[in-house]
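Enquirer: Have a look at this one before I ask anything.
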Amino acid sequence: MMDEMSTIENKSIEITKGINGLDKVILREIHGSTVEVYLYGGHVTSWKNEHGEELLFLSSKAIFKPPKAIRGGIPICFPQSWTPASLMQFSNLGSLEAHGFARNRVWIIDNDPPPFPPTVTNRVYVDLLLKPTEEDLKIWPHSFEYRLRITLGPGGDLMLTSRIRNTNTDGKPFTFTFAYHTYFSVSDISEVRVEGLETLDYLDNLKNRERYTEQGDAITFESEVDKIYLSTPTKIAILDHEKKRTFVIRKDGLPDAVVWNPWDKKAKTIADLGDDDYKHMLCVEAAVIEKPITLKPGEEWKVRQELSAVPSSYCSGQLDPNKVCGESKKLMPALL
Ligand code: TA6
């Protein structure tokens with residue numbers, strides 16, 4: 001299978017060896033954008049624009065060695081992400097690591113996925129598949145098929161589409177929470193603004209997960225932040241002042257958004273994060289946390305996030321998809 005993939009003539013998809021000999025897929029788009037994803041964790045570790053600029057943060061101390069998750073890029077948090085205390089009653093969630101085990105497992109390349117939304121021909125993509133091992137079933141006693149499609153669009157947009165199906169044969173439903181734990185690369189966290197989360201309610205992980213309401217203007221950063229914003233809009237913008245760059249997250253089926261920066265003190269307690277790395281990263285994570293998903297056997301859940309990086313001429317404060325100035329009214333292809 002690896003050989004088949006690596007003989008693809010146009011080299012838009014290359015299977016190769018990454019750090020510590022881990023299998024890695026490189027997607028190349030004709031205008032120069034690239035994405036790198038490790039089969040370990042189904043983990044996107046790099047997303048570069050056509051100028052070769054890295055748009056995702058990767059820790060200077062990231063450990064590319066199972067069973068440790070890679071610090072940075074886009075860890076996949078499944079079947080659990082940041083479960084509110086109220087959900088610990090779902091015993092199968094309580095026994096899981098904070099962010100589940102999908103990011104600590106080796107995925108395979110899925111050469112024959114079931115029908116998927118029609119992919120525009122000029123998009124480069126790879127399909128990955130994760131199923132639980134016998135070991136996994138001991139910690140989370142449910143069978144599933146998780147299909148992840150990573151797509152690089154003609155404008156350098158990066159889209160992650162997830163399809164998770166309950167394949168239990170014992171008739172049991174299962175319940176899970178989920179996040180794309182995206183680490184964005186920023187010039188200087190103290191010069192970053194997030195728009196789209198104003199006035200929303202959030203659970204604060206630094207204050208015993210209590211519920212608060214965000215103030216009325218864009219979020220800025222001057223200390224540790226670890227918040228789940230609830231019922232968030234489809235679009236969230238992260239404005240990097242120094243780079244004159246705006247990241248736009250468009251999400252489908254992911255109502256919550258986690259915002260995390262460890263700041264200096266917490267950063268020093270994270271072994272695989274450089275002491276000063278916090279200055280150049282911000283996690284904004286499209287997620288489902290407040291209202292976990294329950295699937296019956298045979299049911300499939302589909303979600304998607306699309307990331308783009310646009311010049312900051314992009315008008316701030318106008319995230320309404322119908323009123324966005326400067327940027328064409330981009331609609332995401334229908335999700336089956
Ligand atoms: O998403 C925010 C968060 O849950 C923080 O509380 C912090 O723990 C961060 O994720 C990193 O978690 P990790 O398990 O990757 O070290």
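The values are calculated or read from the model by the stated rules, or taken from the named source; none is laboratory data. Small disclaimer: the values here were computed from a predicted structure and weren't measured. Every residue, glycine among them, receives a Cβ derived from its backbone with ideal geometry; neighbour counts consider all protein chains shown.
Enquirer: For region 173-191, which residues satisfy the criterion of being of a type in the set (G, A, S) and assigned to a helix (DSSP H, G or I)?
Expert: Passing the criteria: only S190.
Enquirer: Still on this structure: From the residues in region 245-266 that are away from the ligand (no atom under 11 Å from the Cβ) and among the aliphatic types (A, V, I, L, M), which one is surrounded by the most Cβ atoms within 10 Å (Cβ to Cβ)?
Expert: Once the filter is applied, the top-ranked residue is I249.
Enquirer: Please verify whether E50 is among the acidic types (D, E), at pLDDT 95 or above and not in a strand (DSSP E or B), treating the condition exactly as stated.
Expert: Yes, satisfied.
Enquirer: Given the conditions (1) farther than 25 Å from V106 by Cα; (2) in contact with a Gly (Cβ under 8 Å, 6 or more places away or on another chain); (3) modelled with pLDDT under 95, which single one is not true for Q80?
Expert: Of everything listed in (1) farther than 25 Å from V106 by Cα; (2) in contact with a Gly (Cβ under 8 Å, 6 or more places away or on another chain); (3) modelled with pLDDT under 95, Q80 misses just condition (1).
Enquirer: Here's a follow-up. Of the conditions (1) over 30 Å from S143 (Cβ atoms); (2) in a strand (DSSP E or B); (3) within 16 Å of the ligand (Cβ to nearest atom), A309 fails just one. Which one is it?
Expert: The failed condition is (3).
Enquirer: Please specify each residue of region 224-253 satisfying the condition of being at positive phi and more than 17 Å from the chain's Cα centre (by Cα).
Expert: S231, K244
Enquirer: Hey, can you tell me all the residues within region 274-292 that are closer than 22 Å to L55 by Cβ and either crowded, with 21+ Cβ neighbours inside 10 Å or within 18 Å of the chain's Cα centre (by Cα) (or both)?
Expert: Within region 274-292, D277, Y278, H280, M281, L282, C283, V284, E285, A286, A287 meet the criteria.
Enquirer: Okay, next question. Which of (1) surrounded by fewer than 18 Cβ atoms within 10 Å (Cβ to Cβ); (2) touching a residue at least 40 places away in the same chain (Cβ under 8 Å); (3) part of a strand (DSSP E or B) does L129 not meet, given it meets every other one?
Expert: (2) is the only condition that L129 fails.
Enquirer: In this structure, is T161 within 16 Å of the ligand (Cβ to nearest atom) and under 14 Å from the mean Cα position of the chain (by Cα)?
Expert: no
Enquirer: To continue, here is another question. Might you check whether a residue that is surrounded by fewer than 20 Cβ atoms within 10 Å (Cβ to Cβ), in contact with a helix residue (DSSP H, G or I) (Cβ under 7 Å, 6 or more places away or on another chain) and more than 17 Å from S308 (Cα to Cα) occurs anywhere in region 194-208?
Expert: No - not one qualifying residue is present in region 194-208.
Enquirer: Where in region 206-270 are there strands (runs of 3 or more DSSP E), lying fully within it, with 2 or more residues that are within 18 Å of L55 (Cβ to Cβ)?
Expert: 235-240, 245-252, 256-261
Enquirer: D170 fails exactly one of the following numbered conditions: (1) within 16 Å of the ligand (Cβ to nearest atom); (2) not in a strand (DSSP E or B). What is the number of that condition?
Expert: Failing condition for D170: (1).
Enquirer: Pairs please, first residue from region 61-72 and assigned to a loop (DSSP other than H, G, I, E, B), second anywhere and away from the ligand (no atom under 12 Å from the Cβ) and of a type in the set (D, E), Cβ atoms under 9 Å, 6+ apart in sequence or on different chains.
Expert: Matching pairs, first to second residue: K61/D277; R71/D277.
Enquirer: Conditions: (1) out of contact with any Cys (no Cβ under 7 Å at 6 or more places or on another chain); (2) surrounded by 15 or more Cβ atoms within 10 Å (Cβ to Cβ); (3) touching a residue at least 40 places away in the same chain (Cβ under 8 Å). T182 meets all but one. Number of the miss?
Expert: Tallying (1) out of contact with any Cys (no Cβ under 7 Å at 6 or more places or on another chain); (2) surrounded by 15 or more Cβ atoms within 10 Å (Cβ to Cβ); (3) touching a residue at least 40 places away in the same chain (Cβ under 8 Å), T182 fails exactly one: (1).
Enquirer: With the condition kept exactly as written, say whether any residue in region 146-167 is of a type in the set (D, E) and free of Cβ contacts under 8 Å to residues at least 60 places away in the same chain.
Expert: no
Enquirer: Among residues belonging to region 211-239 that are of a type in the set (F, W, Y) and over 20 Å from E191 (Cα atoms), point out the one that is surrounded by the most Cβ atoms within 10 Å (Cβ to Cβ).
Expert: So, considering only residues that are of a type in the set (F, W, Y) and over 20 Å from E191 (Cα atoms), the one surrounded by the most Cβ atoms within 10 Å (Cβ to Cβ) is Y229.
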